[in-house]
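Have a look at the structure below before the remarks.
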Amino acid sequence: MKTRLGVNIDHIATLRQARGESYPSVVDAATTVLREGADQITIHLREDRRHIQDTDVEAVYLVTKKFGKPLNFEMGCSDEIIEIAIATGPDWVCLVPEKREEQTTEGGLDLIDSKNFEKVKTTCDYLKSKVEGLKISLFLEANPEVLEKASQLNIDAVEIHTGDYAKAFVHDEDYSHFLETFSTAKKLLVSKGIGCHAGHGLTQSSLMPLIENNLFEEYNIGHWIICQAVFDGLGNVVNKMASSMEKFPYTK
Ligand code: PXP
């Protein structure tokens, strides 16, 4: 089975929103990402609309359909966003906890709290009843107790939160215990027939131990890819602009 790469393009929209212009275009970003070999596009429509906007959702969905690839729609369990998901009909929904004040998603859903568990359960059942063929993943910590709770729900996959692992990796700390925890999580999920995805904070380097150890079938990666794309493109862009100026020397 192919190991899948989902590219999260939220931060293309972050750059656009910083200026309120129409560029950089999320449609162009989704097109480039899928043309170059990604297996799916991931976007997170946050309640505060800090990056992805309502109109982006349909536009990006249409790009994924042009390429015959899935759209993975990340969302909190809020009534307004649930209705947008139903109107869009993505291939996947990934349910995440969402707090207004956070910089980015800070961790997995709390399924131990019975009120939260019921909210997630109701959301999964409602979404599945409204969107034919919809697959759902839950963003969770690799904690066996939480994963056992998740297995009682109508879901297709769990996306394991890799943020703490990725931080340990970047800061040169020992990360071997994370690999053991992920391996235990994988065994549990596979035994229950639930897909095993991963995401958050990953870079090209921190991805390597995970793929080498065959830990997850799908990775959703955003921030680092967009950051690295700056350096893979910055030289070209400056070179082109400087060359165009050389052709038109300034005269007094
Ligand atoms: N997966 C989930 C559930 C997320 O919330 C995010 C961040 O939006 C990602 C993956 C991608 O994380 P990053 O941008 O740090 O690669």
Looking only at the stretch 95-136, how many residues end up being in contact with a His (Cβ under 8 Å, 6 or more places away or on another chain) and either β-branched (Val, Ile, Thr) or buried (at least 21 other Cβ atoms within 10 Å of the Cβ) (or both)? 4
Filtering the stretch 169-208 down to residues that are hydrophobic (A, V, I, L, M, F, W, C), crowded, with 17+ Cβ neighbours inside 10 Å and away from the ligand (no atom under 11 Å from the Cβ) yields Phe169, Phe178, Phe182, Ala185, Leu188, Leu189, Ile194, Cys196
Assigned to a helix (DSSP H, G or I) and either within 16 Å of the ligand (Cβ to nearest atom) or of a type in the set (Asp, Glu) (or both): is that true of Ala85 in this structure? yes
Assess whether Ala38 counts as being under 15 Å from the mean Cα position of the chain (by Cα) and surrounded by 15 or more Cβ atoms within 10 Å (Cβ to Cβ). yes
Considering only residues of the stretch 224-249 that are in a helix (DSSP H, G or I) and aromatic (Phe, Trp, Tyr), which is surrounded by the fewest Cβ atoms within 10 Å (Cβ to Cβ)? Phe231
Sort out which residues of the stretch 1-45 are more than 16 Å from the ligand (Cβ to nearest atom) and touching a strand residue (DSSP E or B) at 6+ places or on another chain (Cβ under 8 Å), and write them in order of number. Leu34, Gly37
Just give me the residues in the stretch 46-69 being part of a loop (DSSP other than H, G, I, E, B), in contact (Cβ under 8 Å) with a residue 40 or more places away in the chain and in contact with a strand residue (DSSP E or B) (Cβ under 7 Å, 6 or more places away or on another chain), in sequence order. Ile52
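FYI, it's all coordinate maths here, none of it is from the lab. None of the values given here were measured: they were computed from a predicted structure. Cβ atoms come from the backbone with ideal geometry, glycine included; neighbour counts cover every protein chain shown.
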